[in-house]
1. Using only Cα positions of the range 34-160, each an equal point scatterer, no hydration layer, compute I(q)/I(0) via Debye at q = 0.14, 0.16, 0.20 Å⁻¹ and quote the log10 values to two decimals.
2. Spin-label point model (7 Å from Cα, Cβ direction): what's the Ile156 to Asn45 distance in nm?
3. Collect residues whose amide H, placed 1.01 Å from N in the peptide plane, falls under 5 Å from the amide H of Thr114; neighbours closer than 5 in sequence don't count.
4. So, in nm, how far is label Asn95 from label Thr53 when the simple model puts each one 7 Å beyond its Cα toward the Cβ?
5. Between Phe130 and Thr71, how many nm apart are label points set 7 Å from Cα along the C-beta direction?
Amino acid sequence: MPSPVPSTKRHRHGGLIIALFCASLLALAKAQTSSNSLAAVLSQNIPLGVENTHAVLPSFDPTGRRTSLMTADVVRRVDGERLYAEGFVFEQYNNDPGKNLRIDLSTAFYNLTTSTLRSTQRGKVSRQDFEIEGDNLIFDTTTNRGLMEGNIHMVIFDTKAKSSEEKPTKP
């Protein structure tokens, strides 16, 4: 179980990293409707006490477009409200493919009641324009807020495309 005690480690630019992370994960819940959310898909397809290997669970919007795909090496429903997964990968698909998001976690717990994903092992969140890794992840799909803590490492690709800087001209 993840510890409810927050990390006491301080990281330089931690607020910026958390803000970027939260903004990037915002798209996760936008693609999900209340009738076909990740929690609804999981609760309908993962029976209590059964270990599911090589699980693949897609989620679709009302028009039939795939909005997300959850895969895991092993998924087990721990009780009426929690799932445990190993080798967990969650991919969220956006109308703009550049904003597609992928979360890779060694192990994770998903609370069906609160729609909260938690992991206390190192995980990675990636998109076309960045990758971020950290030791702990908590993401609430209902509020679209996430937190990654511990030994944060972030790589932002091609920042020049996002800035107003121009390449210097040769004399």
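Every number in this text was worked out from the coordinates using simple rules, so none of it is lab data. All of these numbers come straight from a predicted model, not from anything done at the bench. Heads up, the Cβs are rebuilt from the backbone with ideal geometry, glycines too, and the neighbour counts pull from every protein chain shown.
1. Relative scattering, expressed as log10 I(q)/I(0), comes to -0.61, -0.80, -1.22.
2. Using points 7 Å along Cα→Cβ, the separation is 3.5 nm.
3. The answer is none.
4. Calculated label separation equals 4.2 nm.
5. 2.5 nm
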